[in-house]
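Have a look at the structure below, then the notes.
Quick note: the coordinates plus some simple rules give every number you see, no bench work behind them. Since this is a predicted model, take the numbers as computed values, not measurements. Because the Cβ atoms are built from the backbone with ideal geometry, glycine has one as well, and the counts that use them run over all protein chains shown.
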Amino acid sequence: MEQGKNKDGRQNNDSNGIIAIENVTKKFGDNVVLDNISLSIEKGKTTAVIGPSGCGKTVLIKHLIALLRPNSGRVFFKNRRIDDLSENRLNKVRTQYGFLFQGGALFDSLNVTENIIFPIRQHCEISDFRQVEDLVKAKLAMVGLDGFQNYYPANLSGGQRKRVALARAIALNPQVVLYDEPTTGLDPIRSDVINELVLKLQRELGVTSVVVTHDMTSAYKVADRIIMLHNGKIVADGDADHIRNHPHPVVQQFIHGQVDEDDLAVLRMSGGVSQAQFLPRDFEQ
Ligand SMILES: Nc1ncnc2c1ncn2[C@@H]1O[C@H](COP(=O)(O)OP(=O)(O)OP(=O)(O)O)[C@@H](O)[C@H]1O
Ligand SMILES: [Mg+2]
């Protein structure tokens, strides 16, 4: 083995990196979503991933936990290659991750406690229910929802559901939490509760976070580093000031919420709004 490299041939000099992707390309048919991307995620830091809808943010963070595997390139967790591991071995690695899925997806038929212990059940045999109860209580207290143990998702607000999903994501004390659009659909105050939770996990538990978001207020508040994806590439990478002052027009359009010229051209194309309206008689035989 070459000096300074581990058995996967990866240089061991990146001591602050916890996750790395190297030259990752991901295609679905002809659609190249990630185009030869390399990225190292620093331990204990919060990285935000921004970019227009459909640019590949979800696809990117799924690679960080090997829920998707690249067509080419490699993914590492703590310098160990993970994209080529069997599902069985990956499940062990995944216990060190928490994943807050886009939409927060709780199981509707399970109450809050059962939702939170779901990942614990998947990875270990529960023998001490008292201990589990204490754990659920502690996790719910962390997200400000102790007392909601017996509620079903249908009886919770959108913000409460996101917080329960976060309690579930941190159930196994993960070292890394991946958040996919944690504040989408929440009002500014509830969004800020989520932002504070991300910061609290980093401050109190040293958690490494990767947050996919459209919400620039949230990105500026929680992130040590912001990465923007566009056309399969990373077009900007730096702290909040770097992004605010970035010269790339696509970055400026995104952070200021402006529609780009191509999208406007599509909206202006033939067929006004009136032609897209239907009346009930249009459907009569
Ligand atoms: N399993 C899949 N099969 C085929 N195509 C996929 C699959 N998953 C994602 N894609 C495609 O990859 C591209 C990127 O999708 P992705 O979900 O990563 O976008 P996104 O940046 O997360 O968008 P949004 O902000 O709307 O969530 C899209 O064109 C999408 O259609
Ligand atoms: Mg997405």
Q) With each pseudo-label sitting 7 Å past Cα toward Cβ, what's the SER86-ASP187 distance in nm, one decimal? A) 5.2
Q: Report, largest value first, the span of the C-alpha coordinates of the range 9-115 along each principal axis, in whole Å.
A: 45, 33, 28
Q) What residues qualify as long-range amide H neighbours of LYS45, i.e. H under 5 Å apart, gap of 5 or more or another chain, H built at 1.01 Å from N? A) SER209
Q) How long are the semi-axes of the ellipsoid equivalent to the range 82-221, from square roots of 5 times the Cα gyration tensor eigenvalues, in whole Å, largest first? A) 23, 20, 14
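Using just the alpha carbons, could you tell me how many Å³ per residue the convex hull of the range 57-127 encloses? Write out the running numbers ahead of the final one.
Details: hull volume 8.2 nm³, N = 71.
Normalising the Cα hull of the range 57-127 by residue number yields 115 Å³.
Calculate the FRET efficiency for GLU42 and GLN102 from the Cβ-Cβ distance with a Förster distance of 30 Å, rounded to the nearest 0.05. Mind dumping the intermediate values first?
Working: r = 24 Å, r/R0 = 0.79.
With a Förster radius of 30 Å, E is 0.80.
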Q. Can you give the Kirkwood hydrodynamic radius for the range 186-261, in Å, rounded to one decimal and based on Cα pairs?
A. 13.5
Q.
If I stretch the segment between HIS214 and VAL93 completely, what's the gain in nm (0.36 nm per residue apart, minus their alpha carbon distance), one decimal?
A. 40.7 nm
Q | Unsatisfied cross-links (Cα-Cα over 28 Å) in the set LYS26/LYS221; LYS26/LYS78; LYS43/LYS92; LYS62/LYS92; LYS57/LYS221; LYS62/LYS139 | A | LYS26/LYS221
Q) Rounded, prolate or oblate: which fits the range 142-243, taking a ≥ b ≥ c as square roots of the Cα gyration tensor eigenvalues, rounded meaning a/c under 1.5, else prolate when a/b beats b/c? A) prolate
